[in-house]
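See below for the structure under consideration.
Values quoted throughout were computed directly from the atomic coordinates according to the rules given, and no laboratory measurement underlies them. None of the values given here were measured: they were computed from a predicted structure. Heads up, the Cβs are rebuilt from the backbone with ideal geometry, glycines too, and the neighbour counts pull from every protein chain shown.
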Amino acid sequence: MALANNTPILVGSGQYVDRDPPTPRSLSPADIAAEAARRALAHAGAIGNITERIDVLAVARLFEHSVREKVMWPNPFGCSNNMPWSVANRLGIKPERAIYSEVGGETPQRLVNQTAEAIHAGEIRAAVITGGEALATVRKATRLGLKFDWREEVAGEYEDLWPLDPMVSDYERRHGMAYPIRVYCLFEQVLRHELKLSSDAFRVRIGRVFAPFSAVASENPYAQFPEDRSAQEIATASSANFRLCEPYTKWMVAQDAVNQGAAAVITSVGVARELGIPEGNWVYLRSYADVDDLLIVDRPRLSSSYAQGLALKRALDDSGLAIDAIDLIDLYSCFPVAVTSACEQLGIDPEGGRTLTLTGGLPFFGGPGNNYSLHAIAEVVERLRKTPTKHALVAANGGYLSKHSVGIYSGELREAWRPRTSAVERARAKQATDVIVAEQAEGPAVIESYAADYDKGQPAGGYIVGRLAADNRRFLAIMQPGSESARALLFSPDPIGRPVTVRHSEGTNTFDAR
């Protein structure tokens, strides 16, 4: 089939990793993002000057900028005041639009989806999406007493895509639900209870799900932690695999101490032909979907994401492919439940032997902040070039199983490309609740789910989602400070369904055992 000139295509990808101890030559995040972009531009294989056609440069938001008006992670070395133009200047390009992406792991895939639509509409000729993190250098250099100066004052207007809709409410924030690990533990514990597993048995299951991810990472040249860890090693707490929050140990969660970057180049068939980019270098975004979930406290079922299922189904339906026809899969894996939720929605057994990652996943390949899924997309571009008859699925997730972006890619396209819409699914996701929340909770209640924190390996405090005995309204609560009975309940074999007493004071609910 003759492809229309405005058909969007991915023509190049690049990745970067630095596992070495910090030296004066260690790269800043802007350096890493630019290096990944250079590799992606070279990977396109253009005969003409592709940089002259770049109308859009989008840079993934640094992890340290993921909280509004304050630094999420201390960085004594500073950074650019204008990441998009710092990267553009390094590349020697002058895009018409410079973009600093919103917060969330879904953003690379969502940017690909949006860019493809803009190219198809004739609004832009070509775009580079890139990002990089250097948290490993920051943390190691700080421990070693080394210093860098990464501060830059760069001029140039850019679009700051800070999200308008918050992923967490003030009520959730007041009750400890702003920290992803606690929220994902809430989801995880509901799943454990549904499966009727003890905490130890559930950890063993997580180990079995994640061991194949580790095996993939061990063979990936761009992995930050390329070591093949057994299911037993992942599941067993130790000094190197310490407990974080029930049921998690270190190697069950995303590892953000990385020096990694990834980039992709997107253009149109017409521009690719003008630039002499070989057709064998073209990869197609066959279909896509973007759907966001409710706030945590409003979701009827906490062990999976309804919006994630809607996004996956929309993308698959629009692709005309069944999941069994998808050869390559990368499921976002910041925490185990992100994988098991996607598997449930796709009808895949997470322990069934199917490879569910292209990189090795965020705990083992590495979790470079908001940019992880761009590494998965880079892998897709590389692999579909080699085997164009195959198909790939990337499922990206942001927030607390909150924002979902899916892309289905093919090495060949046999019908005219067209924009896709997830408007119906987005509306359904926002209406999918019958939960009534009691922000000021008082009286007898039961635990619906919980997060039990460790501090230096010792049981500390925790948080619950509960239901009032009087009317089944849902509430959030923090452990009554100093209550040994509440702490003992949180760290008992199965707190779910156990009775508690909840009290409200000055905007905060606290709970105690009864």
Worksheet item: So how compact is region 186-251: Cα radius of gyration and Dmax in angstrom?
Response: 12.6, 39
Worksheet item: Based on the alpha-carbon gyration tensor of region 240-399, what equivalent-ellipsoid semi-axes (square roots of 5 times the eigenvalues) come out, in whole Å, largest first?
Response: 29, 20, 15
Fill in: With eigenvalues of the C-alpha gyration tensor scaled by 5 and rooted, region 282-350, Å
23, 14, 11
Discussion item. Kirkwood hydrodynamic radius, computed over distinct alpha-carbon pairs, for region 158-295: how many Å, to one decimal?
Written reply: 19.1
Discussion item. Over 45 Å apart: what share of the alpha carbon pairs of the chain falls there, rounded to a whole percent?
Written reply: 13
Item to complete: Can you check what the Kirkwood hydrodynamic radius comes to for region 1-103, Cα pairs only, in Å to one decimal?
Response: 15.6
Fill in: Three principal axis lengths of region 443-513 [C-alpha, angstrom, descending]
38, 28, 16
Fill in: Sum of -39500 (n - 2.57) over DSSP H runs of 4+, divided by residues of the chain (222 nm, nearest 500)
-9000 deg cm²/dmol
Practice prompt. Compute the projected area of the convex hull of the Cα atoms of region 358-428, averaged over all viewing directions, and report it in nm² to one decimal place.
Written response: 6.1
Worksheet item: Lys/Arg Cβ at +1, Asp/Glu Cβ at -1, dipole of the chain taken about the Cα centre: which of Val204, Leu3, Gly347 is farthest positive-ward?
Response: Val204
Worksheet entry | Exposure proxy order (Cβ contacts within 10 Å, fewest to most) of Ile478, Ile124 | Ile478, Ile124
Discussion item. With both bridge residues required to lie in the chain, what share of the DSSP beta bridges run antiparallel, to the nearest 5%?
Written reply: 75
Response to the item:
Output for region 56-121: chymotrypsin sites (Phe, Trp or Tyr not before Pro) sitting in coil per DSSP, at most 13 other Cβ within 10 Å, listed by number, reads none
Worksheet entry | GluC sites (Glu not before Pro) restricted to DSSP loop in region 428-465 with at most 15 other C-beta within 10 Å | Glu442
Worksheet entry | Neighbour-count ranking [beta-carbon atoms within 10 angstrom, fewest first] of Asp330, Asp494, Asp324 | Asp324, Asp494, Asp330
Worksheet item: With charges only on Cβ, +1 for K and R and -1 for D and E, what is the dipole size of region 166-215 about its Cα centre, in debye, rounded to 20?
Response: 140
Worksheet entry | Average projection area in nm² (convex hull over Cα atoms of region 343-397, one quarter of hull surface) | 4.5
Worksheet item: GluC sites (Glu not before Pro), restricted to region 121-228: which are DSSP loop and have at most 16 other Cβ atoms within 10 Å?
Response: Glu123, Glu153, Glu157, Glu219, Glu227
Fill in: In degrees, nearest ten, helix 199-218 long axis to first principal axis of the chain (Cα)
10
Worksheet entry | Across Lys313/Lys430; Lys94/Lys147; Lys196/Lys456; Lys313/Lys403; Lys403/Lys456, pairs whose alpha-carbon gap is larger than 20 Å | Lys94/Lys147; Lys196/Lys456; Lys403/Lys456
